[in-house]
Amino acid sequence: MRGPGGEAGGVTIRIYIDGDACPVKDEVFKVAGRYDLPVTVVGNAWLRLPNDPSLTMVVVPEGADAADDRIVELIEAADICVTNDIPLGGRCLAKGALAIRPNGKPFTEASIGDALATRELMNALRETGAITGGPAPFAKADRSRFLSALDTLVHQARRLKR
């Protein structure tokens with residue numbers, strides 16, 4: 001399983017998916033298969049995964065941030081986390097890992113502070129009733145952008161693991 005894509009200098013790059021409500025699991029499995037990378041899906045409920053030994057499901061107890069905490073516990077430098085959760089993205093970056101949203105936008109050291117501030121502002125506006133809608137629906141273009149961005153992130157992770 002640990003072929004030329006999965007290993008760099010003898011260290012395996014792993015992909016972790018914040019599995020609850022992630023709309024791009026199949027796309028992650030496709031890219032991971034191309035590079036022979038192991039994938040761990042972490043969530044509060046069991047999800048059926050394709051029959052592939054490189055795919056693992058980790059079920060955590062119900063509770064705020066239980067899945068996030070488990071991902072942060074497992075992730076290492078240059079691994080990749082797929083999440084829409086901004087605080088989790090920041091925690092992964094703090095460990096030297098890479099993080100990407102399902103819409104294909106990566107979390108970066110330069111953008112995480114603004115993303116957290118925007119999240120807090122939007123929460124406050126929702127609480128006051130100034131904003132009542134949620135994010136835009138997930139579109140086909142988001143899937144395409146995600147596939148391309150994850151492919152780029154895998155190459156970046158391979159350079160970091162060397």
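Does at least one position in the stretch 50-59 carry a residue that is buried (at least 19 other Cβ atoms within 10 Å of the Cβ) and among the acidic types (Asp, Glu)?
Looking for residues that are buried (at least 19 other Cβ atoms within 10 Å of the Cβ) and among the acidic types (Asp, Glu), one finds none in the stretch 50-59, hence no.
What are the pairs with Cβ atoms under 6 angstrom where one residue, in the stretch 142-162, is under 12 Å from ALA32 (Cα atoms) and the other, located anywhere, is charged (D, E, K, R) and part of a helix (DSSP H, G or I)? Sequence gap at least six, or different chains.
The qualifying pairs are LEU147/GLU27.
Within the stretch 34-54, track down each residue that is among the hydrophobic types (A, V, I, L, M, F, W, C) and more than 14 Å from THR12 (Cα to Cα).
Initially, the stretch 34-54 is screened for residues among the hydrophobic types (A, V, I, L, M, F, W, C), giving 37, 39, 41-42, 45-47, 49.
The answer is VAL41, VAL42, ALA45, TRP46, LEU47, LEU49.
Name the residues in the stretch 105-162 that are modelled with pLDDT under 75, among the aliphatic types (A, V, I, L, M) and either touching a helix residue (DSSP H, G or I) at 6+ places or on another chain (Cβ under 7 Å) or surrounded by 10 or more Cβ atoms within 10 Å (Cβ to Cβ) (or both), would you?
ILE112, ALA115, LEU116, ALA117, LEU121, MET122, ALA124, LEU125, ILE131
It is to be established whether one or more residues within the stretch 21-42 are farther than 23 Å from GLN156 by Cβ and surrounded by 14 or more Cβ atoms within 10 Å (Cβ to Cβ).
Filtering the stretch 21-42 for residues farther than 23 Å from GLN156 by Cβ gives 21.
Still in the list and also surrounded by 14 or more Cβ atoms within 10 Å (Cβ to Cβ): none.
Scanning the stretch 21-42 turns up no residue that is farther than 23 Å from GLN156 by Cβ and surrounded by 14 or more Cβ atoms within 10 Å (Cβ to Cβ).
Scan the stretch 10-34 and report the pairs whose first residue is hydroxyl-bearing (Ser, Thr, Tyr) and whose second residue is modelled with pLDDT under 95 and not in a helix (DSSP H, G or I), with Cβ atoms within less than 6 Å and a gap of 6+ or a chain change.
Taking only residues 6 or more apart or on different chains, the pairs are THR12/ARG2; THR12/GLY6.
The values are calculated or read from the model by the stated rules, or taken from the named source; none is laboratory data. Keep in mind that this is a model prediction, so the values were computed, not measured. Using ideal geometry, Cβ is built from the backbone for each residue, glycine included, and neighbour counts are taken over all protein chains shown.
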